[in-house]
1. Can you tell me which residue is farthest from GLN312 (Cα to Cα) among those in the stretch 238-250 that are within 16 Å of ligand 1 (Cβ to nearest atom) and part of a helix (DSSP H, G or I)?
2. Within the stretch 211-237, track down each residue that is in a strand (DSSP E or B) and out of contact with any Asp or Glu (no Cβ under 9 Å at 6 or more places or on another chain).
3. Taking the stretch 303-330, which residues are at pLDDT 95 or above and among the acidic types (Asp, Glu)?
4. Would you point out the residue of the stretch 128-152, among those that are of a type in the set (Val, Ile, Thr) and out of contact with any Pro (no Cβ under 6 Å at 6 or more places or on another chain), that is modelled with the lowest pLDDT?
5. Please work out which one of (1) away from ligand 2 (no atom under 16 Å from the Cβ); (2) crowded, with 19+ Cβ neighbours inside 10 Å; (3) not acidic (Asp, Glu) is the condition SER271 fails and give its number.
6. Would you mention how many residues in the stretch 100-130 are farther than 21 Å from LYS175 by Cα and surrounded by fewer than 17 Cβ atoms within 10 Å (Cβ to Cβ)?
7. Tell me, please, whether a residue that is touching a residue at least 40 places away in the same chain (Cβ under 8 Å) and within 16 Å of ligand 1 (Cβ to nearest atom) can be found in the stretch 52-74.
8. Restricting attention to the stretch 229-270, which residues are on the phi > 0 side of the Ramachandran plot and of a type in the set (A, V, I, L, M, F, W, C)?
Amino acid sequence: MKNIVEVKDLHVTFDTSAGKVHAVRGISFEVKKGEAIAIVGESGCGKSVTAKSIMRLLPSPQAKIDSGSILVNGEDVVKKSEKSMQKIRGNEVGMIFQDPMTSLNPTAKIGEQIAEGIMQHSKISKKQAIEKSIKMLELVGIPQPERRVNQYPHEFSGGMRQRVMIAIALACSPKLLIADEPTTALDVTIQAQILHLMKDLQMKTDTSIILITHDLGVVAEMCSRVVVMYAGEIVESGNVEDIFANPNHPYTKGLLKSVPRLDMDKNEKLSTITGTPPDLLDPPKGCSFFPRCEHAMKICADYKPEFEVVGQSQYSSCWLNHPLSKKRSTTV
Ligand code: SF4
Ligand code: MG
């Protein structure tokens with residue numbers, strides 16, 4: 001199936017007063033048409049930076065794409081001018097952020113905000129754009145859309161505002177929707193409704209989704225494939241079912257152990273991964289997970305493990321997968 005997005009060997013750095021932060025370090029992945037993938041990992045692992053790179057919304061001038069390519073529908077957005085990016089944003093790629101209140105304009109009516117995006121990308125009258133906005137509000141399950149279209153953001157609840165953001169993101173039928181922690185600010189019931197809505201819309205419209213989250217429960221609900229990021233790198237990727245049933249990388253194992261399960265004993269405690277991610281001002285030369293890994297071997301500190309096929313759909317970068325690892329672990 002056709003790839004909607006192909007990220008190849010992407011490197012992103014941030015200039016800070018302390019030096020250069022290597023936020024994304026050589027990641028590659030693709031998203032196929034109609035596919036929903038998740039990017040998971042702790043905060044600061046480079047998930048949002050990756051999303052913002054695809055949209056070319058990195059804070060300027062501090063952040064810079066140093067190398068690599070990001071093909072969206074076959075075209076490298078890294079090389080695009082801001083003007084051509086404005087056409088791509090909304091039209092080809094829609095984005096939903098964590099906090100809808102900061103993304104909506106408090107002084108403009110909801111309908112106008114949805115219509116604005118529609119009018120930027122197609123030659124239709126304001127009246128027609130408002131009519132389309134009403135349809136979009138209806139699509140995302142907002143009751144009485146004819147009335148709501150004339151209201152302001154503060155007249156909507158958090159969950160309803162996030163629905164509005166989804167309406168805005170989908171108004172121009174983008175091929176890809178990037179959702180960065182879209183439900184984190186919402187309570188659990190509303191979270192479930194929003195995720196259900198996104199899943200439903202994805203099935204109906206065949207939009208591809210990149211869902212960025214630290215919540216693995218959400219991943220299982222929504223996505224078919226998962227990319228696990230750690231310290232600016234991808235450490236494991238594969239089908240959600242395979243990775244959940246049989247995680248390979250010690251970091252993925254740790255992440256999964258920290259998720260509550262239905263079959264858990266009442267007294268069973270969730271485990272957490274001790275320690276903190278490495279300082280990306282001076283990234284480690286070997287495996288980034290080395291200081292926190294209970295299986296660490298000497299080679300892990302000095303050499304970066306390659307990506308290896310570890311299952312039908314799974315790739316992982318860990319020295320334990322190397323045929324010589326057993327020998328090595330006993331000799332160090
Ligand atoms: Fe642990 Fe070594 Fe594997 Fe890194 S490469 S995850 S340190 S065993
Ligand atoms: Mg983030």
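1. If we take residues in the stretch 238-250 being within 16 Å of ligand 1 (Cβ to nearest atom) and part of a helix (DSSP H, G or I), then PRO250 is farthest from GLN312 (Cα to Cα).
2. GLU233, ILE234, VAL235, GLU236, SER237
3. none
4. Of the stretch 128-152, the ones of a type in the set (Val, Ile, Thr) are 130, 134, 140, 142, 149.
From what is left, the residues that are out of contact with any Pro (no Cβ under 6 Å at 6 or more places or on another chain) are 130, 140, 142, 149.
Details: ILE130: 96, VAL140: 89, ILE142: 93, VAL149: 96.
Filtering the stretch 128-152 for residues that are of a type in the set (Val, Ile, Thr) and out of contact with any Pro (no Cβ under 6 Å at 6 or more places or on another chain), the one modelled with the lowest pLDDT comes out as VAL140.
5. Looking at each condition in turn, SER271 falls short on (2).
6. 10
7. Within the stretch 52-74, none of the residues are touching a residue at least 40 places away in the same chain (Cβ under 8 Å) and within 16 Å of ligand 1 (Cβ to nearest atom).
8. Matches in the stretch 229-270: ALA231 only.
The values are calculated or read from the model by the stated rules, or taken from the named source; none is laboratory data. Here the structure is a predicted model, which means the values were calculated and not measured. Cβ coordinates were reconstructed from backbone atoms using ideal geometry, including for glycine residues, and neighbour counts include every protein chain displayed.
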